[in-house]
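Everything below concerns the one structure shown next.
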Amino acid sequence: DRDTDRSTPLQRRLAGFGKRLALAVIAICVVIFLVGVLRGEDPVLMILTAVSLAVAAIPEALPAVVTVLLALGARRMVSLNALIRRLPSVETLGSVTFICSDKTGTLTQNRMHAELLLADGQVWEPDGGVPGSEDPTALHLELLRAAALCNDASRSRDGAWQGDPTETALTQVALQAGLDKTDLERHFERVQELPFDSQRKRMSTLHRVPDGFIAYTKGAPESVIPLCSLQWRVAGAVPLQHEAVLAAADAMAAQGLRVLALASRAHATLPVPGEVESVESGMSLIGLVGLIDPPRPEAAAAVHDCRTAGITPVMITGDHPATALAIARRLGIVTDGYAQVLTGPELTAMDESVLHERVATVRVYARVDPAQKIRIVEALQARGEFVAMTGDGVNDAPALRQADIGVAMGRGGTDVAREASSLVLLDDNFATIVAAVREGRRIYDNIRKFVRYAMTGNSGEIWTIFLAPLLGLPIPLLPIHILWVNLVTDGLPGLALAAEPAERGIMQRPPRPPQESLFAHGLWQHILWVGLLIGGLCLLVQAWALSTGHAHWQTMVFTVLTLSQMAHVLAIRSETESLFRLGLGSNRPLLGAVLLTFVLQLATIYVPVLNPIFKTEPLSLAELSLCLGAAAVVFIAVEIEKLWLRRKRQSLA
C-alpha cells in the first residue's frame with residue numbers, strides 16, 4: 001500500500017537525521033567519559049555527565065515540536081478551506097513541483113451557462129448578444145427540447161435545479177425559452193437510457209411519443225457527430241456535412257466554450273434494452289450548444305504564484321482541446337511557447353518512454369479519462385517531480401493515491417476520492433492548493449529553525465563539557481544544569497517557533513528537492529560555528545572567574561549557556577532578515593517564551609529554596625551583567641552572519 005510504503009520527505013529527513021545524530025552522540029559521550037576518568041574525575045560523576053549530555057544532545061523536543069507545527073498548520077489550513085487528512089502531508093506540500101488540476105470547478109467557477117446555440121448555421125445567444133437573434137427559431141427550440149430531455153438534472157424542494165452543472169445550465173436555458181423540463185417529461189416519458197461514461201463521452205435517452213419513440217443523444221462533438229448521417233435544417237433533414245460541423249465546433253471551443261452536440265432519431269418500435277448501436281446510429285444532428293464556465297477570479301493570480309514559486313501548474317480536463325487551451329491561456333497556464341495539448345487518445349497510443357519526455361513540456365491535457373491520470377502522475381514522478389493531483393470521482397482514486405499529494409474536492413467529490421486523498425479542498429478552489437503549499441513551506445522553515453536552535457544549543461553544551469578538561473578546567477556543568485537547559489531552554493522557545501510567520505519571498509523560491517538534507521543551505525555550518533562560539537564564551541567566563549577568584553563560576557557558566565540560547569533563538573527567527581526589521585512583536589508567543597525562560601533562570605539563581613536543588617548561588621550585578629554581555633555577543637554574531645548572507649544574495653541576484 002502506497003500510504004504505508006512511501007514516507008514523506010520530512011519523515012525521510014528526520015529518520016536520516018536521527019540515525020546520524022545517535023551515532024555521533026554515542027561517540028562523543030564515550031570520549032567525554034574516558035577523558036574525564038583519565039583526568040582523575042569521579043567515574044560516577046562522569047557517567048552521570050555523559051548520560052546527561054547524551055540526553056541533552058538529542059533534541060527530544062523535536063517530535064513534539066514537529067507534531068505541534070503540523071497540527072497548527074493543519075488547523076490554519078482549515079481556515080483556508082483546506083482539510084488535511086494525513087498530518088505529514090502538511091509539510092509535504094512544500095516540496096510540490098507539479099500541480100495537476102482539473103479545470104471545471106477548480107480553475108473555473110463551476111457555474112455553467114449556455115452562451116450560444118448553433119442550428120442550421122443560425123446562432124441564438126440567450127443573453128441577446130447577436131443582433132436579431134433575440135428569439136430562438138423552431139430548430140433552436142428542438143435543440144433545447146433535446147437538451148432538457150437528455151438530461152438527469154432534477155428540481156429540488158425549493159424549486160431550483162440541481163445536478164451536474166452542465167445539465168442544470170441546459171435546463172435553465174431551456175426554461176428561458178419557455179421549455180420546462182418537468183412539463184416536457186410528462187409529455188415525453190423516458191423509457192430507456194444509456195448513461196454517460198468517460199469512454200463513450202455521450203449519453204442517450206429514449207422517450208415515448210404518439211407515433212412511437214424518439215432517441216436523443218448528447219455528448220462531445222467528436223463522439224456524437226460520427227453517429228449521424230443527417231442534419232436538421234429548417235426545410236428538413238439533409239446529408240450531414242461532417243467537416244463543416246466539426247469546424248464550427250472547433251471554432252466555438254477556441255472561444256473557451258464547452259461544446260455539446262445533440263442528435264435525435266425516431267424509432268417505430270422500442271429498441272432492445274442495452275443495445276447501444278440500435279439507439280446511437282443513423283441519427284440526425286440537431287445542432288451544437290456552447291457553454292461557458294468562467295475562470296475563477298483568483299485562479300490567474302494563483303497560477304502566477306505557482307510560477308514564481310517554481311511550481312508548474314498543469315490542467316487536466318475531459319473538455320475539447322481548444323476549450324482547454326483557451327482557458328489555459330486565459331489563466332496563464334500556457335504561453336505562446338507552451339501551447340502543446342495532449343489528448344487522451346494520443347496518450348493511449350503513446351509508450352512510456354515517449355510519455356516521460358512529453359510530460360516535461362505539456363501543460364494541458366484534454367479529453368483525458370480518469371484512468372489516464374495515473375499514467376501522467378507516474379510519468380512525472382519518473383522524472384523526479386513531486387506531484388499534487390486533484391480529483392473528485394471514484395475513478396480518480398488510483399491517481400490520487402499514486403500522487404505525492406492527492407487533492408480531493410470537498411463539495412462535489414465522492415467519498416472514495418476523499419478517502420484516497422491527503423488533502424480535501426472545502427471550496428474546490430485551485431487557489432486553496434497554492435495557499436496550502438505556502439503554508440507547507442512555512443512549516444518546514446520553522447522545523448528547520450527549531451533544528452537550528454536546538455542543535456546549536458546542544459552543540460554549545462557539548463563543546464563546553466568536551467573542551468573544558470582538554471584546557472585544564474574542571475567540568476563546568478552538573479547533570480542538573482544540562483537537564484534544565486535541555487528541558488526548559490529548548491522546550492518553551494522551540495514550541496513557540498511554531499507561530500513564526502512565513503518569511504518574505506517564501507513563494508519566490510523554488511521547491512525543495514525531496515532528497516535535500518535537513519542541514520542544507522549552511523545549516524550544519526551554522527550549528528558548528530555558533531555552538532563553538534557559545535562553548536567558547538562559557539569557557540572564557542569560567543576561566544576568568546576561576547582566575548579572579550569568583551566562587552560562583554559554575555553558576556555563571558550555567559547562566560551564560562541559558563542566556564546565549566535565548567539570544568540565539570531571537571536572532572534565528574529569519575535566516576537572512578534582521579530581528580530589528582522583523583520586530584519583537586511579530587511572534588509574541590516566542591517573545592513570551594524567552595521572557596518566561598529568563599525569569600525561570602533568574603529564579604534558579606536568586607530563589608533560596610532552588611539553590612540547593614540546582615547547585616547554584618546568587619550572582620552579583622556585575623557577574624549577571626557579564627553573563628548578559630556574553631549572550632549579546634552570540635546575538636550580534638548571528639546578526640552579522642545574516643547581514644553577510646543578505647549581501648551575498650544581493651551580489652548573486
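Tell me, please, whether a residue that is aliphatic (A, V, I, L, M), touching a helix residue (DSSP H, G or I) at 6+ places or on another chain (Cβ under 6 Å) and either over 19 Å from His550 (Cα atoms) or in a helix (DSSP H, G or I) (or both) can be found in region 641-653. I'd like the intermediate steps shown before the answer.
Start the filter on region 641-653 by keeping residues that are aliphatic (A, V, I, L, M), which leaves 643, 645, 652-653.
Filter once more, so that each one left must be touching a helix residue (DSSP H, G or I) at 6+ places or on another chain (Cβ under 6 Å): none.
There is no residue in region 641-653 that is aliphatic (A, V, I, L, M), touching a helix residue (DSSP H, G or I) at 6+ places or on another chain (Cβ under 6 Å) and either over 19 Å from His550 (Cα atoms) or in a helix (DSSP H, G or I) (or both).
Among the residues of region 56-76, is any modelled with pLDDT of 85 or more, among the aliphatic types (A, V, I, L, M) and either within 30 Å of Gly332 (Cα to Cα) or crowded, with 18+ Cβ neighbours inside 10 Å (or both)?
Yes, region 56-76 has at least one match.
For region 265-372, give me every one of the helices (runs of 4 or more DSSP H) that falls completely inside it and has 2 or more residues that are hydrophobic (A, V, I, L, M, F, W, C). Step through it out loud before you land on a result.
Values: elements: 276-279, 299-308, 321-331, 344-348, 352-358.
So the answer is 276-279, 299-308, 321-331, 352-358.
Filter region 520-551 down to the residues that are surrounded by fewer than 18 Cβ atoms within 10 Å (Cβ to Cβ) and more than 16 Å from Met455 (Cβ to Cβ) and list them by number. Give the derivation first.
Of region 520-551, the ones surrounded by fewer than 18 Cβ atoms within 10 Å (Cβ to Cβ) are 520-522, 524-525, 528-529, 532, 536, 540, 543-544, 546-549, 551.
Residues satisfying the conditions are Gly536, Leu540, Ala543, Trp544, Leu546, Ser547, Thr548, Gly549, Ala551.
Could you look through region 518-543, keep only residues that are in a helix (DSSP H, G or I) and free of Cβ contacts under 8 Å to residues at least 60 places away in the same chain, and pick out the one that is nearest to Ile447 (Cα to Cα)?
Of everything passing the filter in region 518-543, Trp524 is nearest to Ile447 (Cα to Cα).
Restricting to region 565-585, and then to whatever is more than 17 Å from Lys642 (Cβ to Cβ) and in contact (Cβ under 8 Å) with a residue 24 or more places away in the chain, can you tell me which residue is surrounded by the most Cβ atoms within 10 Å (Cβ to Cβ)? Break it down stepwise before answering.
Let us first name the residues in region 565-585 that are more than 17 Å from Lys642 (Cβ to Cβ), namely 565-566, 585.
Narrowing the set further to residues that are in contact (Cβ under 8 Å) with a residue 24 or more places away in the chain leaves 565-566.
Numbers: Gln565: 26, Met566: 21.
Selected residue: Gln565.
Given the residues Val394, Val407, Val424, Val437, which is the only one that is open to solvent by 10 Å² or more (accessible area, probe 1.4 Å) and either under 20 Å from Arg296 (Cβ atoms) or over 17 Å from the mean Cα position of the chain (by Cα) (or both)?
Numbers: Val407 fails: open to solvent by 10 Å² or more (accessible area, probe 1.4 Å); Val424 fails: open to solvent by 10 Å² or more (accessible area, probe 1.4 Å); Val437 fails: open to solvent by 10 Å² or more (accessible area, probe 1.4 Å).
Val394 is the lone residue from the list that is open to solvent by 10 Å² or more (accessible area, probe 1.4 Å) and either under 20 Å from Arg296 (Cβ atoms) or over 17 Å from the mean Cα position of the chain (by Cα) (or both).
For region 604-627: of the residues being within 52 Å of the chain's Cα centre (by Cα) and of a type in the set (D, E, K, R), which is most open to solvent (accessible area, probe 1.4 Å)?
So the residue we want is Lys615.
Table: residues versus (1) open to solvent by 60 Å² or more (accessible area, probe 1.4 Å); (2) out of contact with any Ser or Thr (no Cβ under 7 Å at 6 or more places or on another chain); (3) modelled with pLDDT of 95 or more.
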| position | (1), (2), (3) |
| --- | --- |
| Ala263 | no, no, yes |
| Leu270 | yes, yes, no |
| Ser284 | no, no, yes |
| Arg307 | yes, yes, no |
| Ala326 | no, yes, no |
| Arg329 | yes, yes, no |
| Thr343 | no, yes, no |
| Ala349 | yes, yes, no |
| Ala360 | no, yes, no |
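Quick one: in region 130-183, of everything that is β-branched (Val, Ile, Thr) and surrounded by 14 or more Cβ atoms within 10 Å (Cβ to Cβ), which residue is farthest from Leu206 (Cα to Cα)?
Going through region 130-183, the residues β-branched (Val, Ile, Thr) turn out to be 130, 137, 166, 168, 171, 173, 182.
With the extra rule that they be surrounded by 14 or more Cβ atoms within 10 Å (Cβ to Cβ), the set shrinks to 137, 166, 168, 171, 173.
On the way: Thr137: 24, Thr166: 20, Thr168: 20, Thr171: 18, Val173: 22 Å.
In this case the residue turns out to be Thr137.
State all residues of region 555-600 that are in a helix (DSSP H, G or I) and polar (S, T, N, Q); if no residue qualifies, say none.
Keep residues of region 555-600 that are in a helix (DSSP H, G or I), which gives 555-571, 579-582, 584-600.
Listed by number, the residues that qualify are Thr555, Thr559, Thr562, Ser564, Gln565, Ser586, Asn587, Thr597.
Identify the single condition in (1) within 24 Å of Ala366 (Cβ to Cβ); (2) at pLDDT below 90; (3) open to solvent by 40 Å² or more (accessible area, probe 1.4 Å) that Glu280 does not satisfy, given that it satisfies every other one.
Condition not satisfied by Glu280: (3).
Please determine, by comparing only the residues of region 126-173 that are closer than 19 Å to Pro221 by Cβ and part of a loop (DSSP other than H, G, I, E, B), which one is modelled with the lowest pLDDT.
The residue in question is Asp164.
Looking at region 503-520 only, could you name the residues that are touching a Ser or Thr at 6+ places or on another chain (Cβ under 9 Å) and at pLDDT below 85?
Scanning region 503-520 gives Arg512, Pro513, Pro514, Glu516.
So, Gly384, is that one at positive phi, out of contact with any strand residue (DSSP E or B) (no Cβ under 6 Å at 6 or more places or on another chain) and outside any strand (DSSP E or B) or not? If you could, list the steps in order and put the result at the bottom.
Numbers: at positive phi: yes; out of contact with any strand residue (DSSP E or B) (no Cβ under 6 Å at 6 or more places or on another chain): yes; outside any strand (DSSP E or B): yes.
In short, yes.
Return only the number of the condition from (1) surrounded by fewer than 23 Cβ atoms within 10 Å (Cβ to Cβ); (2) within 15 Å of the chain's Cα centre (by Cα) that Asn110 does not satisfy.
So the condition that Asn110 fails would be (2).
Going by the conditions given, is Ala603 farther than 20 Å from Cys538 by Cβ, at pLDDT 95 or above and part of a helix (DSSP H, G or I)? Let's see the steps before the verdict.
Values: farther than 20 Å from Cys538 by Cβ: yes; at pLDDT 95 or above: yes; part of a helix (DSSP H, G or I): yes.
Against the criterion (farther than 20 Å from Cys538 by Cβ, at pLDDT 95 or above and part of a helix (DSSP H, G or I)), Ala603 qualifies.
If the Cβ limit is 8 Å and pairs must be 6+ apart or interchain, which residue in region 407-427 that is closer than 14 Å to Val394 by Cα and assigned to a loop (DSSP other than H, G, I, E, B) pairs with which residue that is open to solvent by 10 Å² or more (accessible area, probe 1.4 Å) and among the aromatic types (Phe, Trp, Tyr)?
Final answer for the pair search is none.
Go through (1) surrounded by 24 or more Cβ atoms within 10 Å (Cβ to Cβ); (2) closer than 27 Å to Leu70 by Cα; (3) over 12 Å from the mean Cα position of the chain (by Cα) one by one and return the number of the condition Arg85 breaks.
Of (1) surrounded by 24 or more Cβ atoms within 10 Å (Cβ to Cβ); (2) closer than 27 Å to Leu70 by Cα; (3) over 12 Å from the mean Cα position of the chain (by Cα), only one is false for Arg85: (1).
Among (1) at pLDDT 90 or above; (2) open to solvent by less than 10 Å² (accessible area, probe 1.4 Å); (3) under 29 Å from Asp127 (Cβ atoms); (4) touching a helix residue (DSSP H, G or I) at 6+ places or on another chain (Cβ under 7 Å), where does Pro313 come up short?
(3)
Rundown of residues vs (1) farther than 21 Å from Pro271 by Cβ; (2) part of a helix (DSSP H, G or I); (3) hydroxyl-bearing (Ser, Thr, Tyr), yes/no style:
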position	(1), (2), (3)
Val191	no, no, no
Leu194	no, no, no
Gln199	no, no, no
Ser223	no, yes, yes
Ala237	no, no, no
Ala244	yes, yes, no
Ala249	yes, yes, no
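All but one of (1) surrounded by fewer than 17 Cβ atoms within 10 Å (Cβ to Cβ); (2) over 30 Å from Ala502 (Cβ atoms) hold for Arg588; which doesn't?
Among (1) surrounded by fewer than 17 Cβ atoms within 10 Å (Cβ to Cβ); (2) over 30 Å from Ala502 (Cβ atoms), Arg588 violates only (2).
Name the residue, out of Arg363, Arg329, that is closer than 24 Å to Arg441 by Cβ and charged (D, E, K, R).
Arg363
The values are calculated or read from the model by the stated rules, or taken from the named source; none is laboratory data. Keep in mind it's a predicted model, so treat the numbers as computed, not measured. Cβ sites come from the backbone with ideal geometry, for glycine too, and all protein chains shown count toward neighbours. All accessible areas refer to the heavy atoms of the entire protein, side chains included, with ligands and DNA or RNA removed. Shrake-Rupley method; radii C 1.70, N 1.55, O 1.52, S 1.80 Å.
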